[in-house]
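The values are calculated or read from the model by the stated rules, or taken from the named source; none is laboratory data. Predicted model, so just to flag it, every value in this text is computed and none were measured. Methodologically, a virtual Cβ is constructed for each residue, glycine included, from the backbone with ideal geometry; neighbour enumeration extends over all protein chains shown.
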Amino acid sequence: MSPPEGTLQPMRGDRVEVVVDSGAGVLTYEIEATKAGRRIEVSTSRGVIEVTEVTRSGAPVRSGRFMADRVVALVEHPAPPVASRARRPGKNQARLL
């Protein structure tokens, strides 16, 4: 079930892996959403792939640019689903059914 429109979900853990050909092998770069509420955006224009971590308001925090001709693979890893937190009864309380 998806959240209602207009609600922001934390995206901590959202990450993108970029594998680039360096001529002598391949290099792997990872950009990850480091705090809750941040997300990763990927854009491609004029032969350049840009991977950007942005805040809730859309302000870029950090980014990486790669020449599209050199990119071997671009893998997006979405954030794992957040498990719902059920309430536990207090230490000295019997569970009510």
Exercise. Within region 48-60, is even one residue surrounded by 15 or more Cβ atoms within 10 Å (Cβ to Cβ) and modelled with pLDDT under 85?
Worked result: no
For this session: Give region 26-66 a look and list any residue that's within 21 Å of P80 (Cβ to Cβ) and assigned to a loop (DSSP other than H, G, I, E, B), or say none.
Result: A33, T34, K35, A36, G37, R38, T55, R56
For this session: Starting from region 38-66, take each residue that is within 14 Å of P78 (Cα to Cα) and small (G, A, S) and list its partners that are in a strand (DSSP E or B) and at pLDDT below 90, counting only C-beta distances under 6 angstrom and pairs at least six apart or across chains.
Result: none
